[in-house]
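> Got a structure for you, written out below as structure tokens; questions coming shortly.
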Amino acid sequence: MPVTYSIDPVEKIIRTTCGSPLTFDQVIGHFRELQQDPVCAGYLDVLLDVSEADALPESGQFGAIIAELAVVRAKAQFGICAIVATRDAMFGMMRMFEVIARPYFLATRVFRDRLQAEAWLTAQRAASHPDP
């Protein structure tokens, strides 16, 4: 399946990777799988890597994606979201997603480099979840 994910319940982070070939139905299926996953609960940050995805989302599909995101958010509170998109067209579409999905995350940012995305996510997590 081109959409894979893992949830680290200790670190409270979802790491999702979209590969190829990728279809819109598989993206929607991913959100529905999260809805059913008992580990997908409470507060979770997100690292989304779409670097290997071959299909660009159409702007009209974002509404359905946001609707699925809202359903998942009923059981999981999403915090910080770092998105990795190395190709120009996908980077642009993920910037559009960043704006549309803003109400569902504390902070969202798109990167062309995974290491930069991970560094930003770590810094944001440290700032918003300081150790007592």
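The values are calculated or read from the model by the stated rules, or taken from the named source; none is laboratory data. All figures in this text were calculated on a predicted structure; none of them were measured in a lab. Please note: Cβ atoms are built from the backbone with ideal geometry, for glycine as well, and neighbour counts cover all protein chains shown. Heavy atoms of the whole protein, side chains included, go into the accessibility calculation; ligands, DNA and RNA do not. Shrake-Rupley method; radii C 1.70, N 1.55, O 1.52, S 1.80 Å.
> Compute a Gaussian network model of the chain, connecting alpha carbons closer than 10 Å, and tell me which residue from Ser20, Ser51, Ser59 fluctuates the most.
Ser59
> Shifting gears a bit: By the scheme Lys and Arg +1, Asp and Glu -1, what is the net charge of all other residues having a beta-carbon under 14 Å from that of Ile7?
Surrounding charge for Ile7 is -2.
> Given Cβ point charges of +1 (Lys, Arg) and -1 (Asp, Glu) and nothing else, what value in debye, to the nearest 20, does the dipole of the chain about its Cα centre take?
About 320 debye.
> I've got another one for you. Once ligands and nucleic acids are excluded and a 1.4 Å probe is used, how much of Leu56 is accessible, expressed in Å² to the nearest 10?
80 Å²
> Okay, moving on. Gly42: net charge of surrounding residues, Cβ under 9 Å, Lys/Arg +1, Asp/Glu -1, itself excluded? Write out the running numbers ahead of the final one.
Values: positive: Lys12, Lys75; negative: none.
Counting the neighbours of Gly42, the net charge comes to +2.
> Taking a ≥ b ≥ c as the square roots of the eigenvalues of the Cα gyration tensor of the range 72-132, is the shape rounded (a/c under 1.5), prolate (a/b larger than b/c) or oblate? Don't skip to the end; give the middle numbers.
On the way: a/c = 2.78, a/b = 1.29, b/c = 2.15.
In terms of gyration-tensor shape, oblate.
> Can you classify the range 1-75 as rounded, prolate or oblate using the Cα gyration tensor, where a ≥ b ≥ c are the square roots of its eigenvalues, rounded means a/c under 1.5, and otherwise it's prolate if a/b beats b/c and oblate if not? All intermediate terms of the calculation are to be shown ahead of the outcome.
Numbers: a/c = 2.09, a/b = 1.38, b/c = 1.51.
Oblate, since a/c reaches 1.5 and b/c is not below a/b.
> In the chain, carbon and sulfur make up what percent of the accessible area (probe 1.4 Å)? Provide the component values of the computation, followed by the final result.
Working: 3850 of 6850 Å².
Here carbon and sulfur together make up 56 percent of the probe-accessible area.
> Among Ile80, Ile100, Ile14, whose mean-square fluctuation peaks in a Gaussian network model of the chain (Cα, cutoff 10 Å)?
Ile100
> Continuing with the same structure: Count charges around Thr23 for me, please; just the other residues with Cβ under 13 Å from its Cβ, Lys/Arg as +1, Asp/Glu as -1.
-3
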